[in-house]
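See structure below.
The values are calculated or read from the model by the stated rules, or taken from the named source; none is laboratory data. Everything numeric in this text was worked out from a predicted model, so none of it was measured. All Cβ positions, even for glycine, are placed from backbone atoms using ideal geometry, and neighbour counts span all protein chains on display. Note: areas computed on protein heavy atoms with side chains; ligands, DNA, RNA excluded. Shrake-Rupley method; radii C 1.70, N 1.55, O 1.52, S 1.80 Å.
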Number of protein chains: 2
Amino acid sequence: MTDQSVSMGEDDPEAVIMDATYRAVCAHGFADVTMQDIADECELSKSSLHYHYDTKEDLLVAFLEQLVDEFEADLERLRSSDAPPADRLREYLHWFAVGTDETDRASLHLALLELRSQAPHNPRFRDPFRRSTTVGQRAFAEIIIDGQRQGEFDPDVDPDALAQLCYVAMDGARARQVTLGIEGYAAEVAETLHALLRDRLTPEAQ
Amino acid sequence: MTDQSVSMGEDDPEAVIMDATYRAVCAHGFADVTMQDIADECELSKSSLHYHYDTKEDLLVAFLEQLVDEFEADLERLRSSDAPPADRLREYLHWFAVGTDETDRASLHLALLELRSQAPHNPRFRDPFRRSTTVGQRAFAEIIIDGQRQGEFDPDVDPDALAQLCYVAMDGARARQVTLGIEGYAAEVAETLHALLRDRLTPEAQ
């Protein structure tokens with residue numbers, strides 16, 4: 001959900017556990033990872049893990065929530081850029097493609113896909129995925145609205161509908177790249193989508 | 001991969017096994033389904049299943065290959081329509097969204113997503129998924145090329161790039177709908193994408 005690795009203050013045991021969970025999930029996947037795998041990735045004992053999180057599910061839900069928080073923070077950083085909306089749109093699209101060629105990020109995305117297929121059966125896992133959809137779509141919609149306010153983008157387009165398309169296209173492209181191992185696939189989709197949006201949002205520039 | 005249920009001649013034992021596999025996979029998922037679950041769904045014994053397929057993996061690979069064959073046949077049926085390319089494009093996009101509100105199809109798509117997250121580790125599963133990507137993208141590209149040949153679509157657009165975008169957007173939309181249970185989500189994305197493509201492919205019609 002984010003392309004920043006999970007890292008916080010080393011003194012905070014929960015941050016240490018989140019870092020260890022990141023590595024353990026990348027190595028074993030969500031279905032197979034155990035509390036022992038996570039303990040093995042940090043200096044803490046399994047019972048220390050259980051002091052902070054009653055169950056493995058509690059820990060994994062906390063980990064998912066943190067990924068969504070980081071995703072939101074990353075998008076907020078991109079949002080606060082002073083670049084013109086058209087450039088920011090391109091930057092956002094490519095940001096979704098970044099990291100899919102890196103082994104660690106690809107492993108995390110694979111693990112998240114696996115977990116997402118379990119989401120309908122478990123609201124505790126489903127809720128963070130729903131939140132990431134809301135956050136991801138809103139980020140695209142805000143750039144389009146900014147562009148309309150600044151008079152750069154066609155005021156007649158529906159920002160929410162285009163944002164939904166941008167989000168699922170990049171999500172689908174990333175999923176296909178990491179599952180099928182087709183390098184550069186998500187970046188190609190970002191480029192096509194950017195050209196199509198540019199034609200639709202700024203038709204007078206043709 | 002297809003919105004037709006798996007059904008062939010009832011006399012063919014392999015067709016009976018494929019039908020049973022469809023029901024067992026929808027009920028249990030790919031990771032958890034057993035040869036016994038599949039045998040329970042048909043009149044055959046577990047040893048009869050093993051007569052046709054040495055291992056569970058052999059059976060599941062055959063099932064995946066059949067899904068891709070059906071996907072290809074469904075797309076070929078849509079392709080042979082006499083409707084104008086613009087209408088066929090809309091029909092294709094909506095066809096991808098159809099069925100995601102039906103419990104059985106949603107269960108199959110969930111099971112396929114779960115299996116896709118295993119694809120990088122197993123080429124026997126990865127290859128049918130790669131083939132379905134090729135087949136799905138080609139179907140979109142062929143409509144765009146038809147439209148260009150008939151002088152209806154802008155000859156300057158790259159059919160393969162747009163086809164790739166259409167395919168991943170609808171794939172991503174369907175995945176999000178079935179995992180997060182957001183009804184009508186894929187149909188909304190199909191509508192947005194169709195409007196955007198119409199504007200790009202037939203700009204003179206504005």
Quick one: Debye curve from the C-alpha atoms of region B:30-73, no solvent, what's log10 I(q)/I(0) at q = 0.23, 0.33 Å⁻¹? -0.82, -1.14
Helix-derived mean residue ellipticity, 222 nm - over chain A, DSSP H n ≥ 4, -39500 (n - 2.57), to 500: -24500 deg cm²/dmol
To the nearest 10 degrees, how steeply does helix B:159-180 sit against the main Cα axis of chain B, on a 0 to 90 scale? 50 degrees
What do you reckon, how do B:S45, B:S132 stack up by accessible area (1.4 Å probe), largest on top? B:S45, B:S132
By a straight-distance test (C-alpha under 24 Å), which lysines pair with B:K56 as possible cross-link partners, with residues fewer than eight away in the same chain excluded? B:K46
Where does each of A:154-162, A:183-191 land if you order them by average Cβ count within 10 Å, highest first? A:183-191, A:154-162
Assume the label is 7 Å from Cα along Cα to beta carbon: what separations in nm does A:D82 have to the matching positions in the other copies? 6.3
Region A:85-183 shape via C-alpha gyration tensor axes, a/c threshold 1.5: oblate
Could you give the size of the charge dipole of region B:159-206 about its Cα centre, using +1 on the Cβ of each K and R and -1 on the Cβ of each D and E, expressed in debye and rounded to the nearest 20? 100 debye
Taking a point 7 Å out from Cα toward Cβ as the label site, list the nm distances between B:P155 and the same residue in every other copy, smallest first. 3.9
Per-copy distances of the A:S47 label point, shortest first, in nm (7 angstrom along Cα→Cβ): 5.3
So, with +1 on the Cβ of K and R and -1 on the Cβ of D and E, and no other charges, what is the size of the charge dipole of region A:47-137 about its Cα centre, to the nearest 20 debye? 340 debye
Phi-derived 3J(HN,Hα) across region A:189-200 with the Karplus relation (6.51, -1.76, 1.60, θ = phi - 60°), rounded Hz, x for Gly and Pro, is 5, 4, 5, 4, 5, 4, 5, 5, 5, 4, 4, 7
Per the rotation taking chain B to chain A, min distance Cβ-to-axis on chain B (residue, whole Å) equals B:G172, 1
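Could you give the size of the charge dipole of the protein assembly as shown about its Cα centre, using +1 on the Cβ of each K and R and -1 on the Cβ of each D and E, expressed in debye and rounded to the nearest 20? Walk me through the numbers on the way to the answer.
Details: 38 positive and 82 negative charges, 33 e Å.
Charge dipole of the protein assembly as shown: 160 debye, to the nearest 20.
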Rounded to the nearest whole number, the Stokes-Einstein translational diffusion coefficient of the protein assembly as shown at 37 °C and 0.692 mPa s (Kirkwood radius, C-alpha pairs) in µm²/s is 145 µm²/s
Placed amide H near A:F153: partners under 5 Å, 5+ positions off or other chain: A:Q148
One quarter of the C-alpha convex hull surface, i.e. the mean projected area of region B:40-148 in nm², amounts to 8.6 nm²
In whole angstrom, the spacing between the Cα centers of region A:134-178 and region B:149-206 equals 14 Å
For the charge dipole of chain A, defined by +1 on Lys and Arg C-beta atoms and -1 on Asp and Glu C-beta atoms about the Cα centroid, which residue among A:T55, A:C166, A:V33 has the Cα displaced farthest towards the positive pole? A:C166
Kindly provide log₁₀ I(q)/I(0) values, in the same order as q = 0.10 Å⁻¹, from the Debye equation applied to equal alpha-carbon scatterers of chain A. -0.47
Would region B:27-102 count as rounded, prolate or oblate if I go by the C-alpha gyration tensor, calling it rounded below 1.5 in a/c and otherwise prolate when a/b exceeds b/c, oblate otherwise? prolate
Of B:H109, B:Y92, B:I144, whose Cα points farthest to the positive end of the dipole of region B:87-174 (charges on the beta-carbon: +1 Lys, Arg; -1 Asp, Glu; origin at the Cα centre)? B:H109
A:K56: accessible area at probe 1.4 Å, nearest 10 Å²? 70 Å²
